[in-house]
Amino acid sequence: MECMSTPADDDVAALPGVAPRLRELRRRRGLTLEAAAQRAGLSPAHLSRLETGARQPSLPMLLGLARIYGTTVSELLGEMPPEREPVIRAGRAAPREADGWTYHQTGASGRAMQALRVEVPYGTQGELVRVHPGEEWLYVLTGRLRLSLGDATHELDPGDSAHFDSLTPHRISAASHGGAEFLFVHTLLQSPDPHPHHPHS
């Protein structure tokens with residue numbers, strides 16, 4: 001609940017470059033606020049607040065917007081190294097914070113696979129359940145993580161991992177009072193479905 005009462009000015013200071021970058025990328029793609037918001041599953045008013053810096057995007061929101069704008073979460077966060085080096089040294093990029101979550105760059109920007117080390121404090125449960133194309137993999141480093149997938153809820157301890165299609169409605173939160181830290185990988189590609197379902201027409 002603490003994150004809900006954080007003053008907007010503090011939030012803006014955490015990610016100073018994301019708001020204008022979101023607006024610039026949307027305009028570059030030729031999308032209206034309404035069209036981009038609809039694709040991202042957000043209300044136009046919410047996307048507008050993200051673009052002005054009045055609200056900070058959660059990780060699922062960043063993933064959805066990155067996909068729509070044809071970029072990556074790392075680039076949305078302003079992590080744009082001049083060239084794609086295969087080795088990312090610890091401490092090369094300062095951690096970024098949004099919506100109470102802290103993101104550490106662990107992969108190169110501009111790749112189809114996005115990798116981050118994420119710290120999530122206990123009590124920041126305000127984000128929406130998200131659905132978006134791609135695959136996600138996570139590995140718990142410290143603390144206990146609560147992962148809701150569809151109708152099931154799982155609690156993961158250090159050393160536990162999860163791998164799932166992002167089209168499954170999901171929510172990630174810390175189940176331990178000290179928060180949790182996990183490695184996170186997201187690909188923009190969906191895994192082949194061995195049992196394709198045929199929706200009713």
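Read the figures in this text as sums done on the coordinates, not as results from a lab. Quick caveat: nothing in here was measured; it's all calculated off a predicted structure. Cβ atoms come from the backbone with ideal geometry, glycine included; neighbour counts cover every protein chain shown.
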query: Tell me, Asp165, Asp157, Asp151, Asp99 in order of fewest to most beta-carbon neighbours within 10 Å?
result: Asp151, Asp157, Asp165, Asp99
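When only DSSP loop residues count, what GluC sites (Glu not before Pro) in the stretch 18-100 have their Cβ near at most 10 other Cβ atoms within 10 Å?
Numbers: sites: Glu24, Glu34, Glu51, Glu75, Glu79, Glu83, Glu97; in loops: Glu79, Glu83.
Here the sparse-neighbourhood loop sites are Glu83.
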query: Which listed residue (Ala98, Pro133, Leu145) has the Cα farthest towards the positive end of the charge dipole for the stretch 96-187, taking +1 on Lys and Arg C-beta and -1 on Asp and Glu C-beta about the Cα centre?
result: Ala98
task: Please arrange Val131, Val87 by counting, for each residue, the other beta carbons lying within 10 Å of its beta carbon, fewest first.
output: Val87, Val131
field: Size-normalised alpha-carbon gyration radius of the stretch 96-187, reference 2.2 N^0.38 Å
entry: 1.01
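By count of other Cβ within 10 Å, fewest leading, how are Trp101, Trp137 ordered? Present the calculation step by step, with values, prior to reporting the outcome.
Details: Trp101 23, Trp137 15.
Ascending Cβ contact count within 10 Å gives the list Trp137, Trp101.
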- request: Tell me which residues come under 5 Å, amide H to amide H, from Gly123 once H is placed; ignore anything under 5 positions away on its chain.
  value: Ala174
